[in-house]
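Heads up: the structure comes next, in structure tokens.
Where a number appears in this text, it was derived from the coordinates with a stated rule and is not lab data. Here the structure is a predicted model, which is why all the values come from computation and not from measurement. As a convention, Cβ positions derive from the backbone with ideal geometry for all residues, glycine included, and neighbour counts pool all protein chains shown.
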Amino acid sequence: MKKFFYLTISLLMFSCGNVNQNKVENLPVKNSESDDIAFIIDLKVNSDSSEDLNSFVKEITENVINTEDFCLEYAYYVSDDKNSVTLYEKYIDSKSAVQHGQNFISGPFFERFFNLFTLEKFVLTGPATLEFKNFAQENGFVIDYRDSIDGFLR
């Protein structure tokens, strides 16, 4: 019985230690200290497009999931009338965002994307490097860059 009691106490202590460790790991971090880069892209759906919106979004999303493990988040948000879309993308850093851009431009979705959408506004949040800014400019992307002044990540 004593052994059972000591074993139970030991297990309880180790499990409590893990709970406390998780609490420490989930502490907020100032987002100005993060390397994360996020894209918020407003798109107009072209009425004369040969692409089906739902099929295209599903296909390109699956491609990003399967080929870009550095992509933290990738989501399309559509308006009720299906005429406007906001694309939200998040990458671990500027280098990853450049890699995504290179993949996109040289991949099978670039022409199809611009057949389906007209880019209305492209906002980048986070610490964009000069390398990223040069890449974007060289490839004709007009981006509104926004740096953090306050906020947090968990």
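All other residues with a Cβ under 13 Å from the Cβ of Pro108 taken together, and with Lys, Arg as +1 and Asp, Glu as -1, what is their net charge?
-3
Once you put a point 7 Å from the Cα of Ser106 and another 7 Å from the Cα of Leu72, both along the Cβ direction, what distance in nm separates them?
Here the answer is 2.6 nm between the modelled labels.
Across the stretch 120-127, in residue order, what do the Karplus-derived ³J(HN,Hα) couplings come to in whole Hz, using 6.51 cos²θ - 1.76 cosθ + 1.60 with θ = phi - 60° and x for Gly and Pro?
9, 7, 10, 10, 10, 10, x, x
Just the Kirkwood number for the stretch 29-153, please: inverse of mean 1/r across all distinct Cα pairs, in Å, one decimal.
By the Kirkwood definition, the hydrodynamic radius is 15.2 Å.
Counting Lys and Arg as +1 and Asp and Glu as -1, each charge on the Cβ, what is the dipole of the stretch 29-153 about the Cα centre in debye, to the nearest 20?
Magnitude of the dipole: close to 120 debye.
For every other residue with a beta carbon closer than 10 angstrom to the beta carbon of Gly126, add +1 if it is Lys or Arg and -1 if Asp or Glu, then tell me the sum.
-2
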